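Here's the structure we're looking at; comments come further down.
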Amino acid sequence: MVDDNLLTMYFIIKTFLFEERYFLKKPVLKALILTTGLLGVMGGTASASSNESDQTTLIVVDKVKEKKLDQRLQALGFPFAELASMPYDMKEHLINQGVVKYIGTEKREFYYDFDGTLREKDPSGTGIEGTIDLTDLSLVITTSQLATMNSKKRFTVTQKWEWSNTVGLNGDTYLNYVDKIGLSYSNDFDSDPYTNGGYACSHSGQHFFSGNHYWLSDCGGRPSDISYGGVGWNVDIRGDYRDYGWSAMNVVAKNTSDWNTSTRFLTKYAHDTSTSGVGVGLNIGFFSLNFTGNGSWDEGSAQKTIWY
């Protein structure tokens, strides 16, 4: 059987030679990618791509258990279409947090135009060129109700991201793996003390050649950024995977209410496009997520309004 490292480097070299669209603007980076990758294949210490089994866990879903999870979540109001695209461990997380009711979901899709700019798709599914565009990145934000405590409503807010391709092989970003994701709540809420915030993040990927799905990381465990108003995590993008994942937080209302007050939740995703690998920072406020840094990045956002 051919080693996945060799397959990965075959794809890189093939892309380098025949699909110039992956490597616009940065000829020096092309040489770095090719040289670093070949060293990895020949057993050198530097490797631009990870082996499929390197620090990863193969995802094997128990279909019987997943069906039971789906049935429990559907009974709480989760739509079938939502569950069909939801990772197994995210379903487990929702059940473990004690979700009692599905509130709603908002989805946003983004694509790279011919100039390499990440743009949000029009709700009609068309981009600025007026044609149906492929979605490169999708962001989904979902709110679900937890059990009320001391007459104050509690919610779990989840964010799901998914790349439709191996974004790490985009020439501008192959050597810069760390993206940033964030979740933010309004001044109507506090972090939920009953679950210590319920913070969670899960990063998985589909290996571009074998098609196998692997769990890659917990995004460092606890959030990399935390403040009044929200949290953020670092996502270590893998060059030979189609990355996807989710994050979550729990919040509690500051005041009692009777489903007659509106509020909003926000999620943002920043994809590092710099060549220096300086990373992306995050400033958090109430319903506010602002990316910072000396490099460059693409970003997308989605928000959900609910009544509580």
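The values are calculated or read from the model by the stated rules, or taken from the named source; none is laboratory data. Predicted, not measured: the structure shown is a model, and the values here were computed from it. Cβ coordinates were reconstructed from backbone atoms using ideal geometry, including for glycine residues, and neighbour counts include every protein chain displayed.
If the condition is being under 20 Å from the mean Cα position of the chain (by Cα) and of a type in the set (Val, Ile, Thr), then the stretch 68-126 contributes Thr105, Thr117. The criterion of at least 1 residues that are within 23 Å of Glu162 (Cα to Cα), at pLDDT 95 or above and assigned by TED's automatic domain parsing to the domain that holds Tyr111 is met, among strands (runs of 3 or more DSSP E) falling completely within the stretch 188-304, by 200-207, 213-217, 225-227, 230-236, 241-253, 262-272, 281-285, 288-292.
Residues checked against (1) aliphatic (A, V, I, L, M); (2) in contact with an Asp or Glu (Cβ under 7 Å, 6 or more places away or on another chain); (3) buried (at least 19 other Cβ atoms within 10 Å of the Cβ):
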| residue | (1), (2), (3) |
| --- | --- |
| Arg154 | no, yes, yes |
| Ile181 | yes, no, yes |
| Phe189 | no, no, yes |
| His207 | no, yes, yes |
| Ser210 | no, yes, no |
| Ser217 | no, yes, yes |
| Asn234 | no, no, yes |
| Val251 | yes, yes, yes |
| Asn255 | no, no, no |
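Checking the structure you have, find out if any residue of the stretch 225-242 is β-branched (Val, Ile, Thr) and in contact with a Pro (Cβ under 6 Å, 6 or more places away or on another chain).
Looking through the stretch 225-242, at least one residue is β-branched (Val, Ile, Thr) and in contact with a Pro (Cβ under 6 Å, 6 or more places away or on another chain).
Kindly indicate whether Arg238 is basic (Lys, Arg) and surrounded by 20 or more Cβ atoms within 10 Å (Cβ to Cβ). For Arg238, the condition - basic (Lys, Arg) and surrounded by 20 or more Cβ atoms within 10 Å (Cβ to Cβ) - is met.
The number of residues in the stretch 64-100 that are assigned to a helix (DSSP H, G or I) and either in contact (Cβ under 8 Å) with a residue 60 or more places away in the chain or of a type in the set (D, E, K, R) (or both) comes to 14.
Take the stretch 259-303 and flag every residue that is hydroxyl-bearing (Ser, Thr, Tyr) and either crowded, with 20+ Cβ neighbours inside 10 Å or within 17 Å of Gly104 (Cα to Cα) (or both).
Thr261, Ser262, Thr263, Thr267, Tyr269, Ser301, listed by residue number.
Here the stretch 77-117 is the region considered, the condition is being surrounded by 15 or more Cβ atoms within 10 Å (Cβ to Cβ) and of a type in the set (Val, Ile, Thr), and the residue that is farthest from Phe265 (Cα to Cα) is Val99.
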